[in-house]
Amino acid sequence: MVLIYVGFIVDLFLTTPKTHHHWNYLWMILFLAGLAATLLPVWTVGFILGTLGAIEHRQLYDPAFELRLRKRYQTEFGQLQDLGFNYLYSDGETFSIYRLLLLQPAILVFMALCYQEVVGIQNGNKILMGSPIFTPKDSSVFAEVCALGAKFRTAFQDGTILVSKNYGEDDESQDPTVMIHSFKRASISETWNQHQKWIQLLKKEDNRVLCQSSFEAYDEICRKVKAAMLEAS
């Protein structure tokens, strides 16, 4: 999820107002933009992630935080359950709270709050951004929801990873085994239908879908996708 908002920060400062859909928040951060003006040429995804330091994925076991996620994404829970998905667990991305002293992490967290993401503080020294994770009965897909929309991830035996989402742009990847597609403004069910079509195109007798549901498997997929996006940036 952190990488999602990093992408929006880059877009926010490097695209023109007429082509950006999130300029409703611009008045809130004009003073930050002024401070950042001299840094714009180097505001890439890799650069901003570097200012965040170590980002860790953790499976959340906090009932109170999970309840906040269920309340925030109550509609999405229902939609995914109607599609045959079951709730697995909640993923928490963390980074040091002291990174908020830097401009880029402060903007990232501010934007996440503007989108009403579920954000908290862990152990008094970590910023925590959570999202619920789902899977169908055959465990062939990991589905994640956040304030921006839904994302589906599927891994294949040959190492290929397919990602479908209903927000943002098609993310570039230098890794030919990572395929990322954006179906902007599509509903969760429409995005799921598109994802299934791509699964059928990629699936072969000797290249089947990996059916897995562990947090370790989910984390490994996320790391590979993130690495591919960073190489492209």
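A short reminder: the numbers here are calculations on the coordinates, not readings from a lab. From a predicted model like this one, the values you see are computed outputs, not experimental measurements. Please note: Cβ atoms are built from the backbone with ideal geometry, for glycine as well, and neighbour counts cover all protein chains shown.
May I ask for the net charge around ILE221, where only other residues with Cβ less than 12 Å from the Cβ of ILE221 are counted and Lys, Arg are +1 while Asp, Glu are -1? With Lys, Arg at +1 and Asp, Glu at -1, the neighbours total 0. A Cβ-based charge dipole, computed about the Cα centre of the stretch 88-175 with Lys and Arg at +1 and Asp and Glu at -1, lands at about 420 debye. On a C-alpha basis, how far is the centre of the stretch 140-163 from the centre of the stretch 61-133 in Å? Whole number, if you could? Here the answer is 18 Å between Cα centres. Counted by Cβ distance under 14 Å from PHE77, the other residues give a net charge of 0, where Lys and Arg count +1 and Asp and Glu count -1.
Give me the net charge of SER140's neighbourhood, meaning all other residues with Cβ under 13 Å from the Cβ of SER140; Lys, Arg count +1, Asp, Glu -1.
Details: positive: LYS137, ARG153, LYS203, ARG208; negative: ASP138.
That works out to +3.
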